[in-house]
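Here is the structure we will look at.
The values are calculated or read from the model by the stated rules, or taken from the named source; none is laboratory data. Predicted model only: the values in this text are computed from it and were never measured. Here Cβ is always computed from backbone atoms with ideal geometry, including for glycine, and neighbour counts include all displayed protein chains. Ligands, DNA and RNA are stripped out before the accessible areas are found, and what is left, the full protein with its side chains, is counted by its heavy atoms. Shrake-Rupley method; radii C 1.70, N 1.55, O 1.52, S 1.80 Å.
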Amino acid sequence: MTPEAVTVLAAHDYAHRLQHGATNRSAALLDRLMLDTDISLLWSIARVHPRKLWNRSRLRFPGFARTILHAGPWGVLARIERHAGHAVQRRYLLEHHYPYTLDSRLLRRLEGFFKEFSEPGHVLTFTPKEAHVAKNLTAGKRLFDTNDDWLLSPLMAKRARHIRQGYEIAAEMDTVFVTNPRLLEKYPDHPDVRLVPNAGHGTIPETGRSFVKRERKHVVVAGYYHPERLDLEAFEEVLQAFPQVIFDVYGSLDGRIIARRLLGFPNLEFHGKVHVSRLRAELALVDAALIPHPVTPYTLAQDMIKLYDMLGAGLPVVCPPIPPADCAGDLVYLVKNRNDYVSRLRQALSERDTEAVIRRREWSARNDWDARYRNLKQWLDE
């Protein structure tokens, strides 16, 4: 039976998702939890940088009515309702700036709100940072849903001790979801570990390329790229090899990389972060996609959401053999090493296989967020 209340300790700020259309696993699942009428009370709790909190009370979200219940220097609590045929009642967003290393102070705040509104119910945690809080909440079942291995991230090197403790706590929760088989190895003795990969937003109509004729071919590069997630030499080689092809970059690209290495390429167009709806519209217009990630323990522990959406558009995608590309078979153009990028992209740009386009879109339709939510719903109902 579905519990009356669910609390989500989110890895990302759901208010940012509503405002800017950001794409990540926790936000995609929260979208569906918000609409699940079997859940009468839903809490979404996320840490927000203190500089962002000052305007939280003024935020407005498309499709939602938002009522501020509490606003203070430590955070904002808001109730949201949809403008749909029926309002989704008792949905609360709590945004705070307490460091998770001071989780006792945060817990006291949370316990106060839970006493006033309702119990937390089942708890869903997305990162080892929130695991410290989830452990001490009076709750029903606890689920740890992990995207990647934070201990392998260079961005988390200064917080390694806290992250390691979080993983130890997460390993004691009732259930663990992992996104790729390699992460299963982190929980060899856990009695209930389930493989639940990431997903995409479904198929994208292929009408764009039929109606919009461009003089030059376009290749999309999308995602969050910093030095540990970008094979810069391979990317530069591709840019040099295809001077007549426009490379459209969407998302975050480390500013130092742009300034030092990439600004000199006239065929590189940087569009920055965009709403997911705009990115999907662009995927319907381009000719191919490129994912220039290096193959490292860090990238092998991830599961690229962008690939699901690229295949949803039927695009030929050139990428290294990292999840989920390593399980996509001939739907993608895998590179064995950085010297393969140019030849594989040339093949992708010259592809005329309509059957491959259909198979990619079918694969994406089977691996959308609705399918992944059914895994979560099953856990909630058990």
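Residues that are among the aromatic types (Phe, Trp, Tyr) and at pLDDT 85 or above: does the range 129-146 have at least one? Yes, the range 129-146 has at least one match. Any residue in the range 109-128 that is surrounded by fewer than 19 Cβ atoms within 10 Å (Cβ to Cβ) and under 25 Å from Asn24 (Cα atoms)? No, the range 109-128 contains no residue that is surrounded by fewer than 19 Cβ atoms within 10 Å (Cβ to Cβ) and under 25 Å from Asn24 (Cα atoms).
For the range 182-202, the set of residues classified as part of a loop (DSSP other than H, G, I, E, B) and among the small types (Gly, Ala, Ser) consists of Ala199, Gly202, listed by residue number.
Under 9 Å between Cβ atoms, which residue pairs at least 6 apart in sequence (or on different chains) link something in the range 166-195 that is in contact (Cβ under 8 Å) with a residue 12 or more places away in the chain with a partner that is part of a strand (DSSP E or B) and loosely packed, with under 14 Cβ neighbours inside 10 Å? What qualifies is Phe177/Leu195; Val178/Leu195; Thr179/Leu195; Asn180/Leu195; Pro181/Leu195; Leu183/Leu195.
Taken residue by residue, the range 361-371 has no member that is small (Gly, Ala, Ser), farther than 22 Å from Arg182 by Cβ and assigned to a loop (DSSP other than H, G, I, E, B). Counting only residues that are out of contact with any Gly (no Cβ under 7 Å at 6 or more places or on another chain), outside any strand (DSSP E or B) and either surrounded by 23 or more Cβ atoms within 10 Å (Cβ to Cβ) or in contact (Cβ under 8 Å) with a residue 60 or more places away in the chain (or both), the range 312-323 holds 7 of them. Just one of the numbered conditions (1) open to solvent by 30 Å² or more (accessible area, probe 1.4 Å); (2) closer than 29 Å to Pro154 by Cα; (3) out of contact with any strand residue (DSSP E or B) (no Cβ under 9 Å at 6 or more places or on another chain); (4) in a helix (DSSP H, G or I) is not true of Lys336; which one? The single condition Lys336 does not satisfy is (4). The condition (being among the acidic types (Asp, Glu), open to solvent by 10 Å² or more (accessible area, probe 1.4 Å) and either without any contact (Cβ under 8 Å) to a residue 12 or more places away in the chain or not in a helix (DSSP H, G or I) (or both)) is satisfied by just one residue among Asp330, Asp248, Asp326: Asp326.
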